[in-house]
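Student: Dropping the structure in here first, questions after.
Readers should treat all values here as calculations from the given coordinates under stated rules, not as data from a laboratory. Not measured: the values here are computed from a predicted model. In this analysis, Cβ positions are derived from the backbone assuming ideal geometry, glycine residues included, and neighbour counts consider all displayed protein chains.
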Amino acid sequence: MPKDTTKSKAKRSRGKKRAKKDKPLQASPARERTGRIIFMYNTRQMALPKSLLESHVKTTKLVRETFELNNDVKIIFETADLPECENGISIEVPPAAWTHLLPLVIRISVVTREAPQNPVPVSAPALPSGPLAVPLSSTATTSTPKQEPIPFPVPLPAPTPSTPIPSTQINLTLSYASKFATVTIPRNVKVRTLKKAFTKSFGRNLQGIRFRYNGSLIDFNKTPTEISMRDGDVIDVLEAGAFGLEAFEALRIE
């Protein structure tokens, strides 16, 4: 009898589709980086996934627990990642626009302010009672001492603004294999010190490792000031396989 080739081809086609459907999906490194936000408070930094930051109320509660802030402290979120920010100036992220602006934000600064205290009510003095009380219809008047006129206040000279002294150190965050480490290096020294800091923090050698900042590989012959690095910036540490061999050799900076 001749074989039913139509049924055989149909079975093989269903098998290929089932295998392709069961194959796990792998997220790209770019998608993993945009799936978290780095919160900065004083000298501490913490990376939180965006899946836990659905609302402003939930984010405030999570940040309060993460940085161990008191309940009587008001928390404000500021960022410099929005297109409206100029010259690196941070602006506040309002609660009403939190869901809309969340996909555009990578770094958020946590600012705390003391909550306003409720004023203590002052009770009016009690009126005297008894035989010594003066009736309201009494014609007796009390003399009020004459007050001297208050002299017009003389304006004081405006204080001279002092020029802030820039710090000689800069804090950077190394991001490698979904792990983060904060390192401190001098601003006016070549960034070769990042290699030693990476080896010490992650316990890995530098073979096949490249450092990327703002989408470009870092030139280790320059200083953080020359590269225009800012305090709290993130340095992505990648391996050669993340680029592809040809692109990796073309972009390599000795």
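Student: What nm distance separates the two modelled labels at residue 240 and residue 81, each placed 7 Å from Cα along Cα→Cβ?
Tutor: So the label points at residue 240 and residue 81 sit 3.2 nm apart.
Student: Would you mind calculating the gained length between residue 190 and residue 112 on full extension (0.36 nm times residue separation, minus the Cα-Cα distance), in nm to one decimal?
Tutor: 24.6 nm
Student: Now, a different point. Report, by chain and number, residues whose modeled amide H sits under 5 Å from the one on residue 213, excluding near sequence neighbours (fewer than 5 apart, same chain).
Tutor: 218
Student: Multiply the residue separation of residue 90 and residue 62 by 0.36 nm, subtract the distance between their alpha-carbon atoms, and state the gained length in nm to one decimal.
Tutor: Extending this stretch completely gives an extra 7.9 nm.
Student: Next question, about the same structure. If each of residue 171 and residue 54 carries a label point 7 Å out from its Cα toward its Cβ, how far apart are those two points in nm?
Tutor: 3.2
Student: How much FRET efficiency would the formula 1/(1 + (r/R0)^6) give for residue 104 and residue 227, where r is the Cβ-Cβ distance and R0 is 22 Å, rounded to 0.05?
Tutor: 0.35
Student: Nearest 0.05, what FRET efficiency do residue 214 and residue 73 give at R0 = 30 Å with Cβ-Cβ as r?
Tutor: Efficiency computed from Cβ-Cβ geometry: 0.35.
Student: Given points 7 Å out from each Cα along the Cα-Cβ axis, report the residue 204 to residue 46 separation in nanometres with one decimal.
Tutor: So the label points at residue 204 and residue 46 sit 2.5 nm apart.
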